[in-house]
Amino acid sequence: MTLNLHPLLTTTLAIQLHTASALVAIIVTLLIFTRPRGSGAHRVLGWIWVCAMLGVAITSFGISRDGPVWGYGWIHLLSAWVIAGIIYAIIQIRRGRVARHRGMMLGIVWGGLVIAGAFTLAPGRIMHAVLLGG
């Protein structure tokens, strides 16, 4: 497999920042899963992950303006859910509710990274062209 970065390098800044934030979030997700929960490394990586995921969610609002509601589409509901979910998860861990924190964070990983990321591989999307050609 050969990467074709041209579609990504010639697109809008919002898409480039969105992609960079998602890449950081994916890498940090993998690193967090290798560290003991609650450790100092887990906390530091967690804050990096939160910033990256907020970057992913916030930049999504600058990407598409052709949706049915004020230019936004269903994917932007996911972005709003990610932002609200991160706030909820931080509140939960500060209150000592580890299970609720973990549940929300895992939900964001699956919904905000894995499932949404899979949709970026659809034909006609930039990441499809970058990773799969075409």
Somewhere in segment 121-132, is a residue in contact with a His (Cβ under 7 Å, 6 or more places away or on another chain) and basic (K, R)? no
Can you tell me which of (1) touching a residue at least 60 places away in the same chain (Cβ under 8 Å); (2) surrounded by fewer than 17 Cβ atoms within 10 Å (Cβ to Cβ); (3) within 22 Å of P7 (Cβ to Cβ); (4) not small (G, A, S) is the one R37 doesn't meet? (3)
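In segment 116-129, how many are surrounded by 14 or more Cβ atoms within 10 Å (Cβ to Cβ) and more than 17 Å from V24 (Cα to Cα)?
First, the residues of segment 116-129 that are surrounded by 14 or more Cβ atoms within 10 Å (Cβ to Cβ): 116-117, 120, 125-129.
Of the ones still in play, those that are also more than 17 Å from V24 (Cα to Cα) are 125-126, 128-129.
So the answer is 4.
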Please find, within segment 4-34, the residue that is nearest to G117 (Cα to Cα) out of those that are touching a residue at least 60 places away in the same chain (Cβ under 8 Å) and among the polar types (S, T, N, Q). T19
If you go through segment 15-34 one residue at a time, do you hit one that is farther than 25 Å from A129 by Cβ and not in a helix (DSSP H, G or I)? yes
Filter result (assigned to a loop (DSSP other than H, G, I, E, B) and either in contact with a Cys (Cβ under 7 Å, 6 or more places away or on another chain) or charged (D, E, K, R) (or both)) within segment 35-50: R35, R37
The number of residues in segment 85-115 that are closer than 24 Å to V130 by Cα, surrounded by fewer than 18 Cβ atoms within 10 Å (Cβ to Cβ) and out of contact with any Phe, Trp or Tyr (no Cβ under 9 Å at 6 or more places or on another chain) is 3
Could we say that A57 is in contact (Cβ under 8 Å) with a residue 12 or more places away in the chain, crowded, with 18+ Cβ neighbours inside 10 Å, closer than 18 Å to I126 by Cα and within 10 Å of the chain's Cα centre (by Cα) here? yes
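In this structure, does V82 turn out to be at pLDDT below 95, surrounded by 17 or more Cβ atoms within 10 Å (Cβ to Cβ) and in contact with a helix residue (DSSP H, G or I) (Cβ under 6 Å, 6 or more places away or on another chain)? Lay out the reasoning, then the answer.
Working: at pLDDT below 95: no; surrounded by 17 or more Cβ atoms within 10 Å (Cβ to Cβ): yes; in contact with a helix residue (DSSP H, G or I) (Cβ under 6 Å, 6 or more places away or on another chain): yes.
Against the criterion (at pLDDT below 95, surrounded by 17 or more Cβ atoms within 10 Å (Cβ to Cβ) and in contact with a helix residue (DSSP H, G or I) (Cβ under 6 Å, 6 or more places away or on another chain)), V82 does not qualify.
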Restricting attention to segment 37-53, the residues that are at pLDDT below 95 and within 14 Å of the chain's Cα centre (by Cα) number exactly 0
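The values are calculated or read from the model by the stated rules, or taken from the named source; none is laboratory data. Note that the structure is a prediction, hence the values are computed from the model and not measured. Reconstructed Cβ throughout: ideal geometry from the backbone, glycine too, with neighbour counts over all protein chains shown.
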